[in-house]
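To start, the structure itself, in structure tokens.
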Amino acid sequence: MNHTEYNKVVKIGEEVWICDYRFNDIDNQPIRHVKPTKVMVVSNEELPSNKTVYYSEFHFRPFGKNGKPLAQVIAPYDNTGYRSLTGTSLNIFYDEKECVKHYKKQCKTIIIDFESAKESKMKYYDKKIAEIQNEMESLKGVLN
């Protein structure tokens, strides 16, 4: 579920699973990459004074190796929002398997996008190589 759906049933202090993996542009870094992570739902009243979470009354904190929530803050929305547009929510799950399944689905989609971009670039490069070779061929008799 996304933030809007989860916001209707949110329980501060509960443990959930989150993930998100998206690119706006395959040639750049991902918009957001959150591997499947077990987190605690924390009220924004507990945010450090130097942190702000927009468009939500809560945020997430991952668990450390000792089983306690870390100080790291994970906002429910990415930073693509602007004013009243929130950006895109993390994917929120109660079950680890469902979270991993969704993450793998996102990975497969990204791989398809990369393969398509690779094919497109290869066609472009092949075309440019052919153009340059034709240029060279047209000048063949000049230096002989």
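The values are calculated or read from the model by the stated rules, or taken from the named source; none is laboratory data. The model shown is predicted, which means the values in this text are computed figures rather than measured ones. Every residue, glycine as well, gets a Cβ built from its backbone with ideal geometry; the counts of neighbours run over all protein chains shown. Side chains included, ligands, DNA and RNA excluded: accessible areas come from the protein's heavy atoms. Shrake-Rupley method; radii C 1.70, N 1.55, O 1.52, S 1.80 Å.
The table below lists the values:
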| quantity | calculated |
| --- | --- |
| Top-ranked residue of the range 1-39 - restricted to ones that are of a type in the set (A, V, I, L, M, F, W, C) and assigned to a strand (DSSP E or B), ranked as surrounded by the fewest Cβ atoms within 10 Å (Cβ to Cβ) | Val34 |
| Subset of the range 53-78 that is in contact with a Leu (Cβ under 9 Å, 6 or more places away or on another chain) and of a type in the set (D, E, K, R) - its residue that is modelled with the lowest pLDDT | Asp78 |
| Only one of Gln133, Gln106, Gln72 that is polar (S, T, N, Q), in contact (Cβ under 8 Å) with a residue 60 or more places away in the chain and more than 21 Å from Val9 (Cα to Cα) | Gln106 |
| Filter result (within 17 Å of the chain's Cα centre (by Cα) and either farther than 11 Å from Leu90 by Cα or modelled with pLDDT under 90 (or both)) within the range 4-36 | Phe23, Asn24, Asp25, Ile26, Asp27, Asn28, Gln29, Pro30, Ile31 |
| Breaking point among (1) farther than 15 Å from Tyr6 by Cβ; (2) surrounded by 11 or more Cβ atoms within 10 Å (Cβ to Cβ); (3) within 14 Å of the chain's Cα centre (by Cα); (4) β-branched (Val, Ile, Thr), for Ile92 | (1) |
| Test: residue in the range 122-135 that is loosely packed, with under 14 Cβ neighbours inside 10 Å, of a type in the set (S, T, N, Q) and not in a loop (DSSP other than H, G, I, E, B) | yes |
| Sole exception among (1) over 21 Å from Thr37 (Cα atoms); (2) open to solvent by 30 Å² or more (accessible area, probe 1.4 Å); (3) not basic (Lys, Arg) for Ala117, by number | (2) |
| Hey, Leu90 touching a helix residue (DSSP H, G or I) at 6+ places or on another chain (Cβ under 8 Å) and either of a type in the set (A, V, I, L, M) or more than 21 Å from Lys11 (Cβ to Cβ) (or both) or not | yes |
| The range 98-114, subset loosely packed, with under 11 Cβ neighbours inside 10 Å and more than 15 Å from Pro36 (Cβ to Cβ), residue nearest to the chain's Cα centre (by Cα) | Ile111 |
| Residue ID - most open to solvent (accessible area, probe 1.4 Å), chosen from residues in the range 48-69 that are in contact (Cβ under 8 Å) with a residue 12 or more places away in the chain and of a type in the set (Lys, Arg) | Lys51 |
